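Working notes for the structure below.
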Amino acid sequence: MRQRFRRVDHREAVLVKGPGGWGEFSPFPDYPPEVTTRWLAAALELACSELPEPVRLTIPVNVTVPAVDPITATALVRESGADTAKVKIGDPGDSEDDDLARVGAVRDALGPEGNLRVDVNATWDLETAVARIRRLEVFDLQYIEQPVSTLGDMKELRTRVSVPLAADELVRQSPHPLRVIEEGGADVLILKVQPMGGVSRVLDLASRSTIPVVISSALETSVGMYAGLLAASLLDDLPYACGLGTVALIEGDPTRQPLVPMDGKLEVRRPEPDPELLERWRPERDRGAEMLRKLRAAAEVLA
């Protein structure tokens with residue numbers, strides 16, 4: 001990774017080639033097979049299925065700002081050319097002042113017309129969320145993503161703050177992903193292709209959502225990112241910029257033309273891994289064996 005992101009400084013992926021092309025299996029290291037089976041289903045769909053052709057040719061995306069200092073945050077936004085930014089806050093070790101300084105720097109870099117959203121990754125309790133969101137309201141947030149962890153707290157929080165709330169973990173970690181909508185716990189639905197099990201499932205959920213949908217990434221390489229781009233291109237409505245610009249955070253992408261945004265837009269195209277880059281980024285034998293073991297464990301659950 002070019003920047004540490006959610007306590008992650010490198011990513012691991014198994015790339016799978018099938019009759020439909022290349023797929024990617026890249027769950028985070030601490031996920032059990034009962035979870036990673038969805039990531040494998042998404043990889044196999046991409047590698048083995050006959051997927052529809054994209055409808056949109058480009059997708060608007062936000063620039064993602066990790067938990068960095070204000071100067072770095074400013075540079076990331078200005079270099080991106082994007083008019084929408086998502087800022088990570090609430091990281092362990094960061095104070096409220098750290099978060100406010102980062103968000104303020106991004107708002108200044110975007111200007112008053114830019115769209116600003118923040119992502120807390122469910123790290124606050126209810127009262128902390130109320131207090132901190134009220135301080136963040138001055139930055140004119142488009143929405144705040146998963147500030148608290150439970151559905152009950154999301155519902156209560158919606159009655160106490162004016163900023164719209166987006167649900168992520170409550171969607172991808174739930175056996176009933178649309179429950180957060182049915183019970184009035186969110187204003188925006190975040191959908192991620194690998195964690196949800198593939199393009200087809202994401203499109204099905206999006207078709208049944210009664211609130212706006214934002215397609216986001218799970219820190220894939222360009223190989224896996226195509227699935228998110230394809231899903232976004234096939235949505236009937238795309239009211240918000242998608243969170244699919246994270247290949248820009250990856251130093252070791254295995255493609256010669258990575259899916260990196262230009263001026264806040266991503267071209268919908270399917271890059272293939274390059275043999276020389278695959279060799280360059282190949283892990284040590286023991287690490288590679290462990291990655292394949294995780295894939296096989298997911299396959300056993302999927303079967």
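The values are calculated or read from the model by the stated rules, or taken from the named source; none is laboratory data. All of these numbers come straight from a predicted model, not from anything done at the bench. Glycine gets a Cβ as well: all are built from the backbone with ideal geometry, and neighbour counts include every protein chain shown.
In a residue-by-residue description of segment 248-265, the property of being among the acidic types (Asp, Glu) and either crowded, with 21+ Cβ neighbours inside 10 Å or over 19 Å from VAL63 (Cα atoms) (or both) applies to at least one position. Return the residues of segment 19-33 that are of a type outside the set (A, V, I, L, M, F, W, C) and within 20 Å of the chain's Cα centre (by Cα); say none if nothing qualifies. Hits for segment 19-33 are GLY23, GLU24, SER26, PRO27, PRO29, ASP30, TYR31, PRO32. If you check ARG296, ARG287, ARG280 for being loosely packed, with under 14 Cβ neighbours inside 10 Å and either touching an Asp or Glu at 6+ places or on another chain (Cβ under 6 Å) or farther than 16 Å from PHE25 by Cβ (or both), only one passes: ARG280.
Just one of the listed residues (VAL16, VAL77, VAL65, VAL55) is touching a residue at least 12 places away in the same chain (Cβ under 8 Å) and under 16 Å from the mean Cα position of the chain (by Cα), and it is VAL65. Any residue in segment 96-116 that is assigned to a loop (DSSP other than H, G, I, E, B) and touching a strand residue (DSSP E or B) at 6+ places or on another chain (Cβ under 8 Å)? Yes: one or more hits.
So, THR36, is that one within 25 Å of LYS265 (Cα to Cα) and either of a type outside the set (A, V, I, L, M, F, W, C) or modelled with pLDDT of 95 or more (or both) or not? So THR36 fails the test. If you scan segment 210-243, which residues turn out to be over 16 Å from ALA42 (Cα atoms) and not β-branched (Val, Ile, Thr)? Correct list: PRO212, SER233, LEU234, LEU235, ASP236, ASP237, LEU238, PRO239, TYR240, ALA241, CYS242, GLY243.
The set of residues in segment 264-296 that are touching a residue at least 40 places away in the same chain (Cβ under 8 Å) and of a type in the set (Phe, Trp, Tyr) is empty.
With a requirement of 1 or more residues that are surrounded by fewer than 22 Cβ atoms within 10 Å (Cβ to Cβ) and either at pLDDT 95 or above or at negative phi (or both), the helices (runs of 4 or more DSSP H) lying completely within segment 127-196 that satisfy it span 151-158, 169-172, 179-182.
Among the residues of segment 23-76, those that are part of a loop (DSSP other than H, G, I, E, B) and of a type in the set (S, T, N, Q) comprise SER26, SER49, ASN62.
Taken over segment 224-247, the criterion of being part of a loop (DSSP other than H, G, I, E, B) and either of a type outside the set (A, V, I, L, M, F, W, C) or buried (at least 20 other Cβ atoms within 10 Å of the Cβ) (or both) is satisfied by LEU235, ASP236, ASP237, PRO239, TYR240, ALA241, LEU244, GLY245. Evaluation of ALA82 against the conditions (1) of a type in the set (Gly, Ala, Ser); (2) outside any loop (DSSP other than H, G, I, E, B); (3) in contact (Cβ under 8 Å) with a residue 60 or more places away in the chain shows that the sole unmet condition is (2).
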